[in-house]
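Peer 1: Before I ask anything, here is the structure I am working with.
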Amino acid sequence: MPGHIKLVKGQADPDPTEFLLPSIETKRADQQKPYDSKKSVWIGNPKDGGYREGILESGDLEDPAAKCVVAVGHEKFTHKAAEVGRVNPPKFEKCEDMVNLTFLNDASVFWNLKTRYQPR
């Protein structure tokens, strides 16, 4: 039961489907986001311990020791390629089975869980 819904004694539990299954409209809107398979990446966010999505400006993701420059908004960050994760294609937004993700990294899993189960 979601924490923001109070159970009333004597009434049936509310249907949790809206919290467990994303609507078709939501999935369609998510699939419209801009995506470049070679340049869309995740980098760590030291402020909150999570991840930020950015655009790879230079560097080679195949070489773990290479330096990568990633632009997030108007800021640029330099990370080792081993610390940079690739973003999954938009068709995998809010997917039910994360085994199907193209790039199975921490940031992709956390993002999928956050967008799928975060209260609307």
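The values are calculated or read from the model by the stated rules, or taken from the named source; none is laboratory data. On a predicted model such as this, the values are computed, not experimentally measured, just so you know. Here the Cβ is made from the backbone with ideal geometry for all residues, glycine too, and neighbour counts use every protein chain on show. Note: accessible area is taken over every heavy atom of the protein model, side chains too, but ligands, DNA and RNA are not part of it. Shrake-Rupley method; radii C 1.70, N 1.55, O 1.52, S 1.80 Å.
Peer 1: Looking only at region 8-39, filter to residues that are among the small types (Gly, Ala, Ser) and over 19 Å from Arg116 (Cβ atoms); which one of those is farthest from the chain's Cα centre (by Cα)? Talk me through it step by step, then tell me what you get.
Peer 2: So the first thing to find is which residues in region 8-39 are among the small types (Gly, Ala, Ser), and the list is 10, 12, 23, 29, 37.
Applying the additional criterion that residues be over 19 Å from Arg116 (Cβ atoms) yields 10, 12, 37.
Numbers: Gly10: 39, Ala12: 34, Ser37: 15 Å.
Among them, the one singled out is Gly10.
Peer 1: Still on this model: Are there any pairs, at least 6 apart or on different chains, whose C-beta atoms fall under 9 Å, with the first in region 101-120 and within 15 Å of Ser40 (Cα to Cα) and the second among the acidic types (Asp, Glu) and assigned to a loop (DSSP other than H, G, I, E, B), and if so, which?
Peer 2: Once the first residue is within 15 Å of Ser40 (Cα to Cα) and sits in region 101-120, its partners that are among the acidic types (Asp, Glu) and assigned to a loop (DSSP other than H, G, I, E, B) give Trp111/Glu93.
Peer 1: Sticking with this structure for a sec: For region 70-93, how many residues meet the condition of being closer than 18 Å to Tyr35 by Cα, among the charged types (D, E, K, R) and surrounded by fewer than 17 Cβ atoms within 10 Å (Cβ to Cβ)?
Peer 2: 1
Peer 1: Which of the residues that make up region 37-69 are under 13 Å from Ala81 (Cβ atoms), open to solvent by 60 Å² or more (accessible area, probe 1.4 Å) and either without any contact (Cβ under 8 Å) to a residue 12 or more places away in the chain or in a loop (DSSP other than H, G, I, E, B) (or both)?
Peer 2: Asp60, Glu62, Asp63, Pro64, Ala65
Peer 1: Would you mind stating whether Ala107 is touching an Asp or Glu at 6+ places or on another chain (Cβ under 6 Å) and of a type in the set (Gly, Ala, Ser)?
Peer 2: Numbers: touching an Asp or Glu at 6+ places or on another chain (Cβ under 6 Å): no; of a type in the set (Gly, Ala, Ser): yes.
Taking the combined requirement at face value, the residue does not satisfy it.
Peer 1: Mind listing whichever residues of region 98-118 are part of a loop (DSSP other than H, G, I, E, B) and at pLDDT below 85? Walk me through it before giving the result.
Peer 2: First pass over region 98-118, keeping only residues part of a loop (DSSP other than H, G, I, E, B): 101-105, 118.
Hit for region 98-118 is Gln118, nothing else.
Peer 1: Can I ask one more? Listed residues Lys33, Lys27, Lys91; which is of a type in the set (Lys, Arg) and either part of a loop (DSSP other than H, G, I, E, B) or at pLDDT 85 or above (or both)?
Peer 2: Lys33
Peer 1: Going through region 18-36 one residue at a time, which ones are farther than 14 Å from Cys95 by Cα and open to solvent by less than 60 Å² (accessible area, probe 1.4 Å)?
Peer 2: Lys33
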